[in-house]
Amino acid sequence: MVYADGDPHAVWYRLRRTDPVSWRRTGDRPGYWSVTRYADVDRVLRDHRSFTSTRGTFLNVLGRPDPASGRQLAATDPPRHTVMRSPLQQALSIRSTADQEAVIRKQVRAVLVPAAHSGWMDVAALMTGLPVAVLGTVMGLPEADWPQLTRLAMMAVAPHEPRWQLPKGPDATLQRAHRALFAYFQDQAHDRAGNPGSDLMSALLGLQVDGHADPGAVVANCYSLMVGAATWPHAATVALVELAASGRYAQWAARPDLLDPLVEEAFRWASPANHFLRHTTTAVELGGVGLPAGAPVVVWLGSANRDEAVFADPYTFDPTRWPNRHLAFGSGPHNCLGAPLARRMIRVVFEEVFALVADLAPAGEPSHLASNFVAGYGCAPVTVEVRESALAKAGRDG
């Protein structure tokens with residue numbers, strides 16, 4: 001299921017009601033068990049003993065061995081996973097990410113202000129570079145490398161998207177992105193080995209698992225963080241497009257007291273990471289369906305986050321929704337490590353957009369990103385009405 005083929009929510013709605021755990025196969029590709037209900041999705045993500053991550057976590061590795069197994073945090077289960085996760089979790093904690101707020105705000109303003117003053121902007125294109133700028137600062141990566149890293153990360157998560165696809169097609173695009181990103185982080189790790197700094201990569205290089213350091217694991221986890229971060233800005237993009245289309249942008253922009261629930265609803269609504277893959281470790285029953293040992297299981301986060309059994313009026317974007325038990329960051333031992341940083345980034349985006357922009361309106365139909373992993377827009381044009389106070393400030397500064 002490639003997201004660009006159309007809105008999958010009608011399909012997921014039907015499957016939740018009639019076939020919530022179902023066998024799916026497309027063409028000559030390997031089949032898998034598709035899971036669409038919130039309760040079943042949550043169980044698969046939490047129960048690492050029955051549903052393992054060690055054989056890969058994305059559909060693009062289905063049917064192939066995952067070279068990151070046991071080395072990349074996402075492809076490792078407890079107890080090894082717990083040891084590997086601890087230093088990363090500390091570096092990306094709520095307290096630690098607070099130190100990055102000034103960096104995030106600077107980057108948001110740098111891309112937002114010129115575009116807003118032009119009266120038109122493509123929100124999707126505008127947001128694309130933010131995750132690498134933010135994560136690049138945390139990792140200590142040279143700013144000159146950020147544009148290329150952004151391109152490679154997008155090639156990895158959306159190899160079918162025309163903007164990112166190489167002439168030889170999506171498979172070649174994906175392989176090129178994998179090789180280039182791993183090579184880049186190998187070089188960065190090598191440079192730090194003899195001259196460590198205070199950045200995240202340097203901290204990871206000092207980590208020991210099973211009694212010894214593993215630079216390959218550092219490279220694999222930096223790759224995973226970079227690719228995962230590429231999904232974050234789609235929460236803001238999808239939410240801003242929804243507010244513009246509904247005509248309620250100005251209403252919610254005037255409610256700074258609702259920023260926290262707005263951020264959570266943006267992640268529920270967009271569900272930027274569309275799916276995760278697991279494999280059964282033993283014969284198990286899920287949603288009343290018997291699954292054999294070794295079966296691939298794909299959970300659809302976007303479907304779980306519209307489940308009528310959990311969310312009242314789930315097809316309404318409601319910035320006042322609270323509490324919001326969405327699974328956009330997953331759940332269980334593999335819940336998204338970068339969630340605090342992602343939340344802070346999206347909150348700053350909303351703060352800066354609301355402070356600068358009085359109103360937004362659609363300037364054309366948004367197009368879905370061609371990806372079965374990232375749920376978001378490849379293009380999202382809007383017209384912009386800048387606040388008079390911002391225009392006056394620009395006049396003074398000019």
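Miscellaneous remarks
- Scalar couplings 3J(HN,Hα) for segment 381-387, obtained by applying the Karplus form with A = 6.51, B = -1.76, C = 1.60 to θ = phi - 60°, are x, 9, 8, 10, 10, 7, 5 Hz; x denotes Gly and Pro.
- Under 5 Å, built H, 5+ apart or other chain: amide partners of Val357: Arg387
- Calculated from the structure at hand, P(r) over Cα pairs in 20 Å bins from 0, in percent is found among [x] 28, 56, 16, 0; [y] 27, 59, 13, 0; [z] 20, 38, 28, 12, 2 as [y].
- Gap separating the Cα centres of segment 233-279 and segment 110-160, nearest whole Å: 19 Å
- Per-residue Cβ neighbour rank within 10 angstrom, fewest leading, Ile346, Ile104: Ile104, Ile346
- Its Cα gyration tensor gives segment 140-229 an equivalent ellipsoid, and the semi-axes of that ellipsoid, as √(5λ) in whole Å with the largest first, are 27, 14, 10.
- Order of Glu264, Glu285 - criterion: other Cβ atoms within 10 Å of each residue's Cβ, fewest first: Glu285, Glu264
- Between the amide H of Val297 and those of Trp33, Arg278, His279, Thr280, distances stay under 5 Å, these residues lying 5 or more places away or on another chain, with hydrogens modeled in the peptide plane.
- Each peptide in 111-117, 350-356, 226-232 was scored by the mean count of other Cβ atoms within 10 Å over its residues; highest first, the order is 226-232, 350-356, 111-117.
Laboratory data are not the source of any read-out in this text; all were calculated from the coordinates shown. All values derive from a computational prediction rather than experimental measurement. All Cβ positions, even for glycine, are placed from backbone atoms using ideal geometry, and neighbour counts span all protein chains on display.
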